[in-house]
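Report on the structure given below.
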Amino acid sequence: MMNVLIVGNSDINEALKKKLREENFTVDMIPDFSGISRLQGKPGSYELATPKKKYKGCGVIVTEQPYSSKSDLPFAKALNLLNPAAVDKLIGIKGRKKAAILLDYGEETPEWLTARAYEAAIRLANAKKDVLFLSMFSKAASAGMEKLYLKARQAGVSFIKYEQASLEYDEDRGEFTICVNDGVVDTVACTPYLITTGIKDNSPLAFLSGKFRVSDKEEIASEFRFFLNPALTTRKGLYYIHNNLDAAFPYIVNELREVAKGEAIGAHAEIDAGKCAFCYSCYRACPHAALEPDIKAGAMVCTADACLACGVCVALCPGEAIALTESSLLYSEKTKEPSPCLKVFYCENSAAPAFSEITKALGKDAEKLSFSEIPCGGRLGHELITGALATCDKVLVAVCLDGACRHMNGGKRACKQAARAAGELEKMGADGVSIKCVQVSHAMPMALLETVKEFLKDS
């Protein structure tokens with residue numbers, strides 16, 4: 001099936017339709033989605049029912065653009081991030097003024113608005129303002145956001161990731177006092193120029209995310225948790241374009257060709273109902289809303305095409321009732337025999353793009369590496385890491401930075417498993433230094449290159 005469903009009322013619909021037809025896809029447009037029920041079927045053969053008609057397609061592209069309801073600012077004197085003139089107003093004030101951008105205050109700021117905050121910070125810093133950027137959540141894991149984050153850093157923006165925040169406004173001085181704590185240190189900033197926003201997401205986009213089983217739990221319903229920039233979501237065959245059509249389209253069309261072939265979904269969680277304690281632990285923890293309760297069976301079930309096989313549920317299930325359907329934890333083996341001296345397990349969301357940039361720089365050293373791409377470092381167990389030493393001299397685990405993992409601290413779990421594997425080797429009298437874990441991002445190829453070369457020196 002080569003038909004694609006476009007859902008949403010957006011000015012990019014016609015351009016998207018034209019691009020799909022040029023790639024030999026047929027298209028059904030569904031601008032009025034008010035009566036849509038849940039998306040049925042699987043990638044390659046989805047069915048979407050509306051009150052008037054049933055649509056079938058190999059994939060679904062959501063184009064409805066995000067917006068928020070009226071902003072409920074903590075204080076009326078703050079500048080509203082949703083108002084473009086707010087930044088212009090501050091830029092127009094002469095002198096090297098101190099400004100603070102406060103996100104995630106009251107509730108989590110979605111990714112599209114965080115991108116706007118990065119852009120505002122860059123403009124202010126380039127206008128010779130001292131900018132302090134405060135946020136509770138890291139939102140620089142995707143390629144586009146990573147570039148904005150780095151650009152802001154290079155412009156001189158100071159970043160603080162906080163765990164708790166308080167805010168006061170002194171009417172007499174006309175000044176805000178912001179106190180944040182990162183878990184260890186308190187930071188206090190005083191400024192008359194605070195840029196912030198408080199939003200409630202009751203948009204059509206939130207409605208669609210629930211209908212399409214992208215997310216149905218309030219605590220993970222914010223945009224950045226499940227929409228992967230620029231086009232991919234946590235449900236296979238379901239895509240979302242929220243900004244740049246030209247950047248998103250190549251990702252979409254490549255995957256649409258694959259799902260149109262009707263190939264197997266791949267690895268996903270499978271629950272043994274006989275062992276399931278129905279404790280809801282996996283339901284609460286799943287970052288992809290892929291698990292839901294089956295009341296009749298008294299057990300959890302997995303929506304296979306929403307599952308990314310990150311292994312979170314497997315790791316925390318108290319009854320050991322969950323397993324991944326494929327025996328191999330790996331997506332792909334990049335090189336085969338003869339066995340190289342360094343085995344590399346790397347995360348597809350962070351280290352993979354960085355490795356793609358340093359392959360040429362590695363030169364002949366690249367021949368010594370065997371790459372295994374994984375959807376999340378959290379899937380790696382110490383057994384798999386130590387097992388790789390049967391054919392390789394060393395093992396390198398390359399995963400996300402703390403706070404940037406899309407699968408609930410998978411990078412941290414990977415590093416702990418690598419440390420555990422190294423410790424077990426040392427207990428047996430072997431060399432635990434032959435195992436190393438490094439945390440990187442898209443924007444750290446040179447740091448990764450140095451790490452790989454240093455690790456190869458004694459091989």
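Projecting the Cα atoms of PRO445, VAL433, GLY410 onto the charge dipole of the range 404-459 (Cβ charges, centred on the Cα centre) puts GLY410 farthest toward the positive pole.
Say R0 is 60 Å: what FRET efficiency, to the nearest 0.05, do ALA273 and ASP88 get from their beta-carbon distance? Could you put the intermediate results ahead of the total?
Values: r = 59 Å, r/R0 = 0.98.
In this case the efficiency is close to 0.55.
Annotation: amide H of ASN3 within the under-5 Å range of THR26, CYS58, sequence separation 5 or more or interchain, hydrogens built in the peptide plane.
With the charge dipole of the range 332-456 set up from +1 on Lys and Arg Cβ and -1 on Asp and Glu Cβ about the Cα centre, the Cα lying farthest toward the positive end among the listed residues ALA361, LEU380, THR391 is that of LEU380. Placing +1 on the Cβ of every Lys and Arg and -1 on the Cβ of every Asp and Glu, with no other charges, gives the range 269-324 a dipole of roughly 160 debye about its Cα centre.
Place a +1 charge on the Cβ of each Lys and Arg in the range 79-196 and a -1 charge on the Cβ of each Asp and Glu, then give the dipole magnitude about the Cα centre in debye, rounded to the nearest 20.
860 debye
At R0 = 22 Å, how high is the FRET efficiency between TYR280 and ARG420 if r is their beta carbon distance? Nearest 0.05 is fine.
Details: r = 28 Å, r/R0 = 1.27.
The value I calculate is 0.20.
Under the convention that each Lys and Arg Cβ holds +1 and each Asp and Glu Cβ holds -1, the size of the dipole of the range 332-456 around its Cα centre is about 200 debye.
Bridgeable lysines around LYS89 (alpha carbons under 18 Å apart, same-chain partners fewer than 8 residues away excluded): LYS77, LYS97, LYS98, LYS128, LYS129.
Report the calculated FRET efficiency for VAL185 and LEU401 (r = Cβ-Cβ distance, R0 = 22 Å), to the nearest 0.05.
Values: r = 19 Å, r/R0 = 0.87.
According to the calculation, E is roughly 0.70.
Label-to-label distance, SER356 versus VAL433, with points set 7 angstrom from Cα along the beta-carbon direction: 3.5 nm. Under 11 Å from a label point set 7 Å out along the Cα-to-Cβ vector of ARG257, the amide N atoms of the range 20-62 belong to 23-24. For the range 79-196, averaging the sequence separation of C-alpha pairs within contact (under 8 Å, six or more residues apart) and dividing by the residue count gives a relative contact order of 28 percent. Note on MET2 and SER45: the model spin-label points, each 7 Å out from Cα along the C-beta direction, lie 1.9 nm apart.
Over 24 Å between C-alpha atoms is what I'm after, so list which of LYS17/LYS147; LYS275/LYS436; LYS275/LYS296 land there. Each step should come with its number before you reach the end.
Details: LYS17/LYS147 29 Å; LYS275/LYS436 35 Å; LYS275/LYS296 15 Å.
Where the Cα-Cα span goes over 24 Å, the pairs concerned are LYS17/LYS147; LYS275/LYS436.
Taken together, the values in this text are just the output of simple stated rules run on the coordinates, not laboratory data. Bear in mind that the values here come from a model prediction, so they are computed numbers and not experimental data. Every residue, glycine as well, gets a Cβ built from its backbone with ideal geometry; the counts of neighbours run over all protein chains shown.
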